């Protein structure tokens, strides 16, 4: 606390902000204009004087030594997996053999000067007119796209500076350019520029560019070829006639030729000849051959988008990715080992992606079965939207379960149904009658699935999909309609697999990522991936869907043991589109999610669907990844209860024939109870027992009869009891596999083979 005392003066009133500001203005006015100018100009002049001196002193050794100057920024980029193993590297060789100007076509020199710096031989390193023109253009456009740099300034940027668009960097560029002009002749500067500038397609310098684009020497470049190469320089990624937009490339060529005419480098007649010349390009040179070419391509694309292609290729960056090369090798092996079977069934291509559910990090990615296939190999089918078929069902089932609209025990009618003119069929062309939600989803029945979609609503199904990271369902709910229940919307494999990864992570969804961090050439970390999760579906919904999808017994009547992984609990779902144009299998444990797509890029139909075509790849990959690891169960969250129920979904008062345990939301438990016959008191006589029951596979006949505990048609030695019952008349079974010919979809089954409900063994599938 301030106290006035013997040696203190009385404190005046505290000056407010407004008062202080007025005081400073008054002080400024009292200075006079000469002192005002001095105060303002001194720091500016200091900056203008000190910056070029400091810049020159810092780069003096590089500027004075041509070898150092040409190699300082040519450091390339290295991409490694999550454990530091190299995936890809791109570096610049040292310029021991700089191509001399006399060995470069005159057409190149004419094109670059006319297009990039028409006053090159007259200025001293910079052009005041160019700078003022660029400032005006940037002011008009409201951006920072026009640089106004001379060739010497560009050389300074390419060799010792960065491409950062700041006033400080531009001023440093001027000082370095002036120093270069003092040290080297104009021809030497042009020579160094043409040897260091980036032309795209991994080509640094005119020698590489001539070879990469036209497979010829830089000595022999024509007027048209030279104009095309120089036209690429402002934006190599966009203007490349090989991998960019050809229309843009030819527009740029015409612009360069026009400037060459305007600046007297060629005649109008020469321009027209150049425009008519048919350019023959060399095949695309792709340096990616590392076992993960599509993944590497994704990483490079992300880097180019973030920093620019030229900067990345000169950067010296060390990019740590999310890939696990060990797992990648297993993914490649799983795909290749099954391609013979796929091709025998009229398929040509396959893709696989594996994702860590706890982070969204991609651990393995096979974009196509053959990267070198000239027609479709370089197309990344992991990121290409396709119809997922029945693999889409768990997306909306999970939300319906989470909301309590259905439970795993809810009984739905699988019977022919007209949904307002939409009359879908099951894949087997048969119907199962009353069936639980668990069995309906496990056996991928369509009619019950559409009824679940009806309960939830198409709009809510789309909303759930988006919350789970699916971005491609952009049409209206009315546009998709109920066919969306069967996977009619197009979704990339990456997004479908990542949605399943959300189930594995108890409903928490991460966006997929491929880059973990980036270090520069000074070992400084300049980027770290920010991993955040969002709630896709409730913990309870995620658990219930995982429990259903991991129920081997419920799945067995259709899929047998084809989707099991020995020693491990895995949740898995298949999908097949119309005419088997797409085959999917996606599954997961709490630690890894993997998805497989099989098909043809041109949409030609295959002979088989999801479990037969994609299933073996998925199973092979998951088995190889999980071997040697402990089994992981899906964690049961709070709000889930386990109850004893009857086959009709009602709560059982005690254990007995036909009862089983089922999981429910605590808020969606069955309220009604069913009567379970007492084994001693209520057991009916043999004759009554057999008469009241139905044929196996025809449970719908007595679905409402809780006392039907024995199949009257299958009591050994009592066949006469039902001899006059038409429901017990057995059909013909030519291959003796236990499935009558009227529903047997796989005749001539081997003797003793285990078959599914429609008479198909695993080998036949």
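Taking the conditions exactly as written (in contact with a strand residue (DSSP E or B) (Cβ under 8 Å, 6 or more places away or on another chain), assigned to a helix (DSSP H, G or I) and either surrounded by fewer than 21 Cβ atoms within 10 Å (Cβ to Cβ) or at positive phi (or both)), does residue 448 satisfy them or not?
On the way: in contact with a strand residue (DSSP E or B) (Cβ under 8 Å, 6 or more places away or on another chain): yes; assigned to a helix (DSSP H, G or I): yes; either surrounded by fewer than 21 Cβ atoms within 10 Å (Cβ to Cβ) or at positive phi (or both): no.
Against the criterion (in contact with a strand residue (DSSP E or B) (Cβ under 8 Å, 6 or more places away or on another chain), assigned to a helix (DSSP H, G or I) and either surrounded by fewer than 21 Cβ atoms within 10 Å (Cβ to Cβ) or at positive phi (or both)), residue 448 does not qualify.
Of 247, 309, 251, 305, which residue is crowded, with 20+ Cβ neighbours inside 10 Å and either without any contact (Cβ under 8 Å) to a residue 24 or more places away in the chain or touching a helix residue (DSSP H, G or I) at 6+ places or on another chain (Cβ under 7 Å) (or both)?
Working: 247 fails: crowded, with 20+ Cβ neighbours inside 10 Å; 251 fails: crowded, with 20+ Cβ neighbours inside 10 Å; 305 fails: crowded, with 20+ Cβ neighbours inside 10 Å.
Selected residue: 309, the only one of 247, 309, 251, 305 that is crowded, with 20+ Cβ neighbours inside 10 Å and either without any contact (Cβ under 8 Å) to a residue 24 or more places away in the chain or touching a helix residue (DSSP H, G or I) at 6+ places or on another chain (Cβ under 7 Å) (or both).
Within the stretch 327-356, the set of residues being more than 20 Å from the chain's Cα centre (by Cα), surrounded by fewer than 24 Cβ atoms within 10 Å (Cβ to Cβ) and either assigned by TED's automatic domain parsing to the domain that holds residue 89 or in contact (Cβ under 8 Å) with a residue 24 or more places away in the chain (or both) comprises 333, 336, 337, 339, 341, 345, 346, 348.
Taking the criterion of being touching a residue at least 24 places away in the same chain (Cβ under 8 Å) and either more than 20 Å from residue 572 (Cβ to Cβ) or under 27 Å from the mean Cα position of the chain (by Cα) (or both), the residues of the stretch 442-461 that qualify are 444, 447, 450, 451, 453, 454, 455, 456, 458, 460, 461. For residue 461, the criteria (1) buried (at least 16 other Cβ atoms within 10 Å of the Cβ); (2) touching a strand residue (DSSP E or B) at 6+ places or on another chain (Cβ under 8 Å) hold in every case but one, which is (2). Being within 25 Å of the chain's Cα centre (by Cα) and without any contact (Cβ under 8 Å) to a residue 12 or more places away in the chain, is that true of even one residue in the stretch 532-539? Within the stretch 532-539 (the criterion being within 25 Å of the chain's Cα centre (by Cα) and without any contact (Cβ under 8 Å) to a residue 12 or more places away in the chain), the answer is no, since none of the residues qualifies. Here the condition is being in the same structural domain as residue 123 (by TED's automatic domain parsing), buried (at least 24 other Cβ atoms within 10 Å of the Cβ) and either at pLDDT 90 or above or out of contact with any strand residue (DSSP E or B) (no Cβ under 7 Å at 6 or more places or on another chain) (or both); of 150, 166, it holds for 150 alone.
List the helices (runs of 4 or more DSSP H) inside the stretch 544-657, counting only whole elements, that have at least 1 residues being within 28 Å of residue 368 (Cβ to Cβ), modelled with pLDDT of 90 or more and assigned by TED's automatic domain parsing to the domain that holds residue 396. So that I can check it myself, show each step before the final result.
Values: elements: 552-559, 610-613, 615-626.
Passing ranges, in order: 610-613, 615-626.
If I filter the stretch 200-211 down to residues being modelled with pLDDT under 90 and out of contact with any strand residue (DSSP E or B) (no Cβ under 7 Å at 6 or more places or on another chain), which single residue comes out as surrounded by the most Cβ atoms within 10 Å (Cβ to Cβ)? Going through the qualifying residues, I end up with 200.
Selection within the stretch 274-301: residues that are surrounded by fewer than 15 Cβ atoms within 10 Å (Cβ to Cβ) and over 20 Å from residue 232 (Cα atoms). The member of this set that is modelled with the lowest pLDDT is 287. Consider the stretch 395-408 and keep the residues that are surrounded by fewer than 24 Cβ atoms within 10 Å (Cβ to Cβ) and in contact with a strand residue (DSSP E or B) (Cβ under 7 Å, 6 or more places away or on another chain). The one that is nearest to residue 573 (Cα to Cα) is 407.
The values are calculated or read from the model by the stated rules, or taken from the named source; none is laboratory data. Since the structure is predicted, the reported quantities are computational estimates derived from the model, not experimental observations. Using ideal geometry, Cβ is built from the backbone for each residue, glycine included, and neighbour counts are taken over all protein chains shown.
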